[in-house]
Structure formats: C-alpha cells, structure tokens
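Enquirer: Following this message is one structure expressed as structure tokens.
What follows draws every value from the coordinates through simple rules; no lab data is involved. On a predicted model such as this, the values are computed, not experimentally measured, just so you know. Note: ideal-geometry Cβ built from the backbone for every residue, glycine included; neighbour counts use all protein chains shown.
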There are 2 protein chains.
Amino acid sequence: MSDTAHILKKHHLRQTNCRQQMIAHFSAHSYALAHSELEQALSEFDRVTIYRTLYTFLEKGIVHKVLDDAGATRYALCAHCTEHQHHDEHVHFKCMQCQTVQCIDTISIPNIQLPQGYSYIDSNFLVRGVCRQCNQL
Amino acid sequence: MSDTAHILKKHHLRQTNCRQQMIAHFSAHSYALAHSELEQALSEFDRVTIYRTLYTFLEKGIVHKVLDDAGATRYALCAHCTEHQHHDEHVHFKCMQCQTVQCIDTISIPNIQLPQGYSYIDSNFLVRGVCRQCNQL
DNA sequence: TCCATTATGCAACATTGTTGCAAATAATGT
DNA sequence: ACATTATTTGCAACAATGTTGCATAATGGA
C-alpha cells in the first residue's frame, strides 16, 4: 500500500483521488502550503473540495495550521499529531526572501510562564528571517 | 495637546478625524482589534480608509500586526516601535473563550537558536489558552 | 486665505473562506 | 460482480477580507 493510502487508512478516511493527491503534494514539499498553491497544483479539483479536505485533514491530525504574517493560512503535514491532539509545538520559519514557511522540527518552543490566572492550551511560534538557501545566494 | 494628537504629531502624520478616532479606539481597548471591529465601531468612515489608516500606522510603527489563528489579522498599539523598526518581541495571548487577543508585555520571547545558515529578523509568538477573566467565571 | 500635498469616499474588483444541495464515488455486504 | 448506503465531490451562490484607481475633500504651511 502506498504511503498516502496508508495515511488515509490510519485515520479511517476513504481513499479518494483528491485526498491522495493532496497528501502526495504535501509530502513532495518541505514547506507549508497555502490553499491557493494547492488549488493551482491540483486544478482538477474544486476549490471547495480542497477547503473541505484541508478541514478534514486538520480534524484528523494529518496536517496542522501554520500562521503566516500575510493573510492566508498555510498547512503542513503533522509529524506527531493524532485525531485527539495536535502536537505541533515546533517553530515555524518564514523566509522573507523566498516567502516559504517551513517547520523547524529541531527547535521546540520554549516553555513560557504565563501570568497568574492564565491557562495554556497551545502555542504557535513564527520566526521571520532568511533561510539557508536564500542566504547562500 | 491630546494624547492621540501627540502620537500623530510624533510620527509626522496629519491630524485627521479618522486617525484620531482610530488611535483613541485602540487606546480604549486592551486587546488587539481586527479590521471588522474597527469598521463597526467607526462606521462613519469608509472600509478602505480604515485599511489605509492601518497600513499607515503599521508603517510608522504606531500599531503592530498580531497573528490570529482564525483568518483575520488583528492590530494593537505598539509600546516601543519606531518608523524604522518594530519592537514587538512580546507574547500575544488568545483566549479561546472570549476570543480576544492581548499583548502580554511582561513576557518577552525567549531567544531561540536557529539552525546553521538561517538568519533572524523577528518573531511572532501566539499562545492560545484561557485568560484570567474567563477563568474566574 | 490660498496652494500644494495628502487623505478620504466611492466604485469596482480580487482573494479567501463558507454553505446547501444534487450527483458521483467509495466501502460494505451479498 | 452487483446493489446498497454513507460519504465525498462539484457547482452555485454567497460572505468576508483585502486591494486599486480616481475624483473630491481636508490638512498644514506659505
């Protein structure tokens, strides 16, 4: 069974063309994808289907949301998420030159001490800078 | 001279009704405001004017962008920003109950060590949880 | 008060995201 | 292989968010 088929099966999702291709597309890219990029790359599917598939993947813990400083939400494959809980406490890095956003799995988000009375659910850490590839130009 | 007038003068901006009221509105709220909230509160002004004023304020370092996990961008007054550089390395806290996003000035973003080859510009740290007010219900 | 510059309002449009419903498809059991 | 059922998809329509061009109005300085 292919990798993409396996991921779908693991999460009790039906094997559909759109889902398989979306997972394949995520796997083929090391950076977070915005809806618009998926729409362009997978133009045989309807915009709405892509939105709904992203939503399904989010729910099941297949992808996680990546905040960007410029409007559109991006998504990236989860490494360790489950249907019950996302575990994405890693840093997201946005390169201001090539505009890509990637997950930096090697740095975990430092623990912070919230003020009295605040409780913690999760967090999202976006670092902006210039990535290795762009720095070497 | 009023506070709002002073802020505009400091940044060499003309004193206009919309700008003054926007700054006043920001000052009156301890949490980050989305465009839609400003539009509702300042309905005498055009949507476009509010967008452009936000853009101007961003440029001048009067407000900073606050990332939210749900679509729309929010903005909050800067404490220490200038036209030349934003200094917003504090934590933003989103309460999942009342949905407000506030700046937590008392916690600064911990320094993180990026992988080799990456350079740092700035960062944006969003913590999701439940705020003090909502926890006390 | 006049003038040059800048800001605003309006219209039009582009992008992003959502909802309802009918037709197509996937999984299941026979 | 086929029929049944539940789910997914495509389409249409819409809502929300964000952008651009241009004529008019307002601001600040001479």
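Enquirer: Of A:K94/B:K65; B:K10/B:K94; B:K9/B:K94; A:K60/B:K94, which pairs sit farther than 26 Å apart, going by alpha carbon to alpha carbon?
Expert: From the list (A:K94/B:K65; B:K10/B:K94; B:K9/B:K94; A:K60/B:K94), the Cα-Cα distance tops 26 Å for B:K10/B:K94; B:K9/B:K94.
Enquirer: If you take each beta carbon of peptide B:63-76 and count the beta carbons of other chains within 10 angstrom, what is the mean?
Expert: Counting other chains' Cβ atoms within 10 Å and averaging over B:63-76 gives 2.
Enquirer: Can I ask one more? Give me the mean projected area, in nm² to one decimal, of the convex hull enclosing the Cα positions of segment A:3-135.
Expert: With the hull built on Cα positions only, its mean projection is 9.4 nm².
Enquirer: What's the longest uninterrupted piece of chain A once you rule out the GluC sites (Glu not before Pro) that are loop residues per DSSP with at most 16 other Cβ within 10 Å?
Expert: In chain A, the maximal stretch lacking such sites is A:90-137.
Enquirer: Could you tell me the relative contact order of segment A:3-135? Use alpha-carbon pairs under 8 Å, at least six residues apart, and round to a whole percent.
Expert: 19 percent
Enquirer: Summing +1 for each Lys or Arg and -1 for each Asp or Glu, what net charge is found among the other residues whose Cβ lies under 12 Å from the Cβ of A:R52?
Expert: Overall, the nearby charge balance is 0.
Enquirer: With each label point set 7 Å from Cα along the Cα-Cβ vector, what nm distance links A:E39 and A:K9?
Expert: Result: 3.4 nm between the two label points.
Enquirer: Of B:R14, B:R47, B:R74, which has the largest mean-square fluctuation in a 10 Å C-alpha GNM of chain B?
Expert: The residue that fluctuates most here is B:R14.
Enquirer: Working only with C-alpha atoms, what are the Rg and Dmax values of the protein assembly as shown, expressed in angstrom?
Expert: Considering the protein assembly as shown through its Cα atoms, Rg and Dmax are 20.5, 72 Å.
Enquirer: Could I ask something else about it? Calculate, for B:S2 and B:V48, the FRET efficiency according to 1/(1 + (r/R0)^6) with r their C-beta to C-beta distance and R0 30 Å; round to the nearest 0.05.
Expert: 0.70
Enquirer: In a shell of Cβ-Cβ distance under 12 Å around B:E39, excluding B:E39 itself, what net charge do Lys and Arg (+1) and Asp and Glu (-1) give?
Expert: Here the charged neighbours net out to -2.
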